[in-house]
Every structure is written in C-alpha cells, then in structure tokens.
Amino acid sequence: MPGKAARFHPPAGEPSDRKANDDRRTLATDLSDPGGLPSSAIDDAVALMKTGRLHRYGEYGGTEPHARLFEQEFAEYVGSRYAIGLNSGGCALFIGLKVADVAPGDAVLVNAFNLAPVPGAIHHASAKAVLVEVDGDFRINVPDLREKAKASGARVLLLTHMRGHIADMDQVVAVCDELGLTLVEDCAHTMGAKWKAVFTGRFGAVGCFSTQTFKHINSGEGGILITDDEDMAAKAILYSGSYMLYRQHGNAPDEAVFEKWKRKIPNFSMRLSNLAACVLRPQLREMAWRAEQWNRLYRELENRLNAVEGIAVPPREADERFVASSIQFHVYGLNPPQIRDWIARCTDRGVAIKWFGRSEPMGYTSLYQHWQYLESQDLPETTRILQTTCDMRIPLSLTRQECAAIADIIQSERSRILLN
Ligand SMILES: Cc1ncc(COP(=O)(O)O)c(C=O)c1O
C-alpha cells in the first residue's frame, strides 16, 4: 500500500533503540499475509449470505448469479470461449486431465519442479506421471520434454508455470504440435501473466487456475478451468457437478453438446461455491493493479537480493510477462546444514524462506522424490537445481523499506553463518 511505513520489531528482550539493534531487526510484516478483501467483496458477500443462496444453482426460482457472472467475467478477461468454476485448482487440474481424455494408466508429462496438488491430480486421474527436467531458471527443459515424450508415448503434457516462471511457449507449443501432445496448463501461479501478448492458459487445450488464499485472487478455495472446446467445456461442467442444471451456466455450449455427454459423464461434485465467486468478482477487477504492485515489489527485491553475495535471482526473459506473487533465488556458498541454519535464522527474524533442497517435505513444500506414490524417477539436473532453490512470498502490502530490510536480514544472517 502506498505510503505505508516500514514496520520492524526489535528482537524480544532487547532495548528498542533502533540504531543499537539495527543488524538484528525483525520484519513485522507476515510474508504470508494475504491482505483483506476489497470492501465491495465483503459487502457483496454479506448481501449474498442474507439470501442463503450459497450454492450456485437455483432449483425452481432464480438464484444469485455470482458463479455464472464470475465465469463470464473470467472468460472475458483471458479471452477464452468458456470458463468453468470449480472448488479448487487441484480439481481444475484433475478435470482438465479428464476432459483431455486421460485414461487410467496413461502417461502424463509434467515438470518435476512442482507442488503436491499437481502429481496429486495426475494420480487422481489414475494416470502415470512422467517427470521432465527443469533448468536453472525454473522452467521446463524443452529437449528433455521432447525426449521423455518420445520415450513414454504420452499424449498429454501438464505444464505447471511453476512459481510464475513461464517457459518459452513458442518452443513448448511447437513440441506439442510436432509430437501430438495435448497441452493442459497449470496456471495456479500465473493468473494475469502472459507469454508475449497471450495469457497463460490460452496456449493449451485447457488452462487451470486456483483462487486458494495464497494465489492472485482469494476465495479461500476455488478453481477455474478455461477452454475454447465445446465438448471439453460441456464435460467439465457436468464433471464439476451441475446435475441437469447446466443451462444456468452463462457461456455454456449448446444443448446438443450436453445431450451428447449428459448421460456419460459422472458428477464429481467439484462445483465453485456462489460465495467464493461473489468475493472473486471485485478482486478480478483489481487484477491489473495487483499485477503492477507485485511486479514493482518483485523488481525491488530482485535488485536488492542480487546485490547480496551468494544470492542470485535468475533473469527473466522479456517475453515472459509474469505476475509475481513470490520470488525464487539460488543460494550459493553454503552447504545444506548451513542453508538450514541460515533459513532458520532468517525465519526467526520474520523472513520466511522455503528451501527446495530439504530431505523432508515441509509446510507447502515437497519435492518429486517425496511423492512415493509415483514410479521412482531420477532427474539429476532438477535435483541439482533444487538444492540451491529458495522461495519467498511477496505480500502486496510490502513496502520498499521492507524489501531493503529483507535483503539486509538475508545478508547479515548469511555472514553470521559463514563466521561460525
Ligand atoms: C503449482 C500448483 N498447482 C496447482 C495448485 C492447486 O491449487 P489448489 O490449492 O487451489 O488446489 C497449487 C496450489 O497451491 C499449486 O501450487
């Protein structure tokens, strides 16, 4: 928020004299603070709650149309023909795989640097994840994608734009076209982001988004699937749990398309709640502003972190029009026990850093080696890269002074570790 002053706490039990304690300050801002919802979202939610119509469909009379309107507004925002609301990003991925005709036992290509809901969605579809290497800039390795696609015979690529890092989509789409791969994009970290002039989610047959609290717009839980294909859209609506009320979807395919599918598609009860849609609509209208704020903070942190010895934020390509809600960097010159200590010390001072080199899954973070329900696979390049990969959230409320304080804390704790 413009004009907000930096907030720091002196370490517990210390005098509050800022100068004397300058190198031991803690950051007061919680880096996982999602921020409050816009007041119009709160007002609309209260009005909706007064009607009790929190389920999206009406049975005999009408209903409050938030889910339908949110879908229409989202489709308009990204330029897709259809958008279907779901109750999580993970559901969107699962249904995305189902509408791409992934059958039990099928191989699905997926980038190995990822988070648990993604292999989870593949497993949910009873498919087999074939992991693809990533590069030092956290993006899928295209030569490895080509090789694994040929070796596995997979027909589908589930591409996560992990932590907002967008691969060269010209190259990815060319490989998909050449090898006949259906592309399902996981845009949980790229709402509002583009490769060149095209929104992520618009390169594949299906794009999947999340509106879980730590994403770009927040309804606690929620997901969206976009597509231009009328069969995929009708199937996704039926899978989501529309019963025979699918006509209440605003931008739905024609009746004839539902006629084809309505007796064949099971109802998975993964609908978007009307209440979730209601709070998302005002946030979607703020997306351009949010993107601008996040990227301003990202550039500030990137400059400051790159000035710290042993820290490197990989450069982004000009065509990658990301919307950062987190920042990733490599840490060099510390061994794994030192990295663990350094992160613990930074976290103690309010700078919560996640590390993808941990031998154990922790919090939201896990590695491909931890997903033991998958066939065991070895990705030496990804393993090497993740050993040095760190990750930090960027709350929208961060100030420039706090960005400076974060870099100071990271630097001073690194120096302390090296002195010990
Ligand atoms: C990369 C990625 N994909 C998909 C999801 C799934 O989103 P959700 O939490 O809404 O199921 C997440 C969630 O954090 C994620 O990080």
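Data table
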| read-out | value |
| --- | --- |
| Extension gain (nm, one decimal) between ARG384 and ASP341, 0.36 nm per residue minus Cα-Cα | 13.5 nm |
| Sites GLU73 and LYS196, calculated FRET efficiency, Cβ-Cβ separation with R0 35 Å, nearest 0.05 | 0.90 |
| Tensor-based shape of segment 295-420 (alpha-carbon gyration tensor, a/c under 1.5 rounded, otherwise prolate or oblate) | oblate |
| Under 25 Å from LYS194, Cα to Cα: lysines that are on another chain or at least 8 residues apart | LYS215 |
| For ALA100, net neighbour charge (Lys/Arg +1, Asp/Glu -1) across residues whose Cβ lies under 13 Å away | -3 |
| Overall form of the chain per C-alpha gyration tensor (a/c, 1.5; a/b vs b/c) | oblate |
| Cβ-derived FRET efficiency at R0 35 Å, ASN267 paired with SER32, nearest 0.05 | 0.50 |
| Positive-end residue of ALA307, ASN274, HIS330, charge dipole of the chain with Cβ unit charges | ASN274 |
| Euclidean distance of C-alpha centroids, segment 345-420 and segment 144-223, integer Å | 24 |
| Gyration tensor (alpha-carbon) shape descriptor, segment 187-332, a/c threshold 1.5 | prolate |
| Estimated distance in nm for a label pair at ASP228 and LYS260, the labels positioned 7 Å out from Cα along Cα-to-Cβ | 1.7 |
| Full-extension gain in nm, MET49 to ALA404, via 0.36 nm per residue minus C-alpha separation | 123.6 nm |
| Potential extension, TYR373-ARG247 segment - 0.36 nm per residue separation minus Cα distance | 41.5 nm |
| The chain, helix-only ellipticity at 222 nm - DSSP H runs n ≥ 4, -39,500 (n - 2.57), divided by all residues, nearest 500 | -11500 deg cm²/dmol |
| Using a Förster distance of 56 Å, the FRET efficiency for GLU317-TYR60 (Cβ separation, nearest 0.05) | 0.55 |
| DSSP beta bridges in the chain [antiparallel fraction, %, rounded to 5] | 65 |
| Restricting segment 250-348 to chymotrypsin sites (Phe, Trp or Tyr not before Pro) in coil, as DSSP defines it, with at most 12 other Cβ within 10 Å | TYR332 |
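Computed from the coordinates by the stated procedures, all read-outs in this text should not be read as laboratory data. Bear in mind the structure is a predicted one, so any value in this text is a computation, not a measurement. Neighbour counts are summed over all protein chains in view; Cβ atoms, including those assigned to glycine, are modelled from backbone coordinates with ideal geometry.
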